[in-house]
1. List the residues, sorted by chain then number, that are 5 or more residues from ARG53 or on another chain and whose placed amide H is less than 5 Å from its amide H.
2. Order these by the 10 Å Cβ neighbour count, fewest first: MET149, MET54, MET186.
3. Could you check which residue among GLY110, GLY124, GLY201 shows the biggest mean-square fluctuation in a GNM of the chain with a 10 Å Cα cutoff?
4. Report, in degrees rounded to the nearest 10, the 0 to 90 angle that the Cα long axis of helix 199-218 makes with the longest principal axis of the chain.
5. So if a site counts as exposed when it's one of the trypsin sites (Lys or Arg not before Pro), its DSSP state isn't H, G, I, E or B, and it has at most 14 other Cβ atoms within 10 Å, what's the longest stretch of the chain without one?
Amino acid sequence: MLWHIFQTLSGWNVIVAIVGFLLAITIALTCHEWAHAWAAYMNGDHTAKLMGRMTLNPAKHVEPMGAIMFLVAGIGWAKPVPVNPFNYRNFRRGNFFVSIAGITANFIIGFLASLFFYITVRFGDIGNLGIFGLYYFFMMLMVINFSLMVFNLIPVYPLDGYNLLRSFTKPNNKFMIVMRERAQVMLIILLIVLVFTEVIGRLVVGLSNIFIDFWGLMF
């Protein structure tokens, strides 16, 4: 992602784009992890709250290597929120809502960002540096949140998709056990495949265009 900024932009636009990009990453990762913490708290597990993770303070959630991966490859992560599933009032329901909370947060933010992106493009003058900053920020906020949403739906441990699937399987399900035991290898292979195929990027572009077209019909 970072190379794209330097290749396509120049002058002050580069600085403005980098700032917008970093803000978008921070918001997306922070809200994703906060949503997990809040959902866990609402389902009876106070672990994240007691450890200071039920907060919108980015310093508590952003993981340096995960942020760097976003800059380099367009795929990244934050510090996982600590949860104790044994504290859930109902394991299956709690596990489901905690798992889907981050994905839902990213979808909502991406959806709203698509609206503001459309408004900026439709009614703003992109030649103005300030308007360009808003344009790039909302574009990145939309793209990064949809990227996190799609990435986390993949059922590979420790992604949210794995825990979502776990909500509907028995505790001793052999497939889930194997998936977890071989998680490190599978995750490395997954990241390599995603980086070189750009499949998530294509899905995100398609999803973004759907919502932008939707706002075009509305306005």
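What follows draws every value from the coordinates through simple rules; no lab data is involved. This is a predicted model, so every value here is computed, not measured. Positions of Cβ are generated from backbone atoms using ideal geometry, with glycine treated the same way; all protein chains shown enter the neighbour counts.
1. Correct list: empty.
2. In increasing order of surrounding Cβ atoms, one gets MET186, MET54, MET149.
3. GLY124
4. 60
5. Here the longest segment lacking exposed loop sites spans 90-181.
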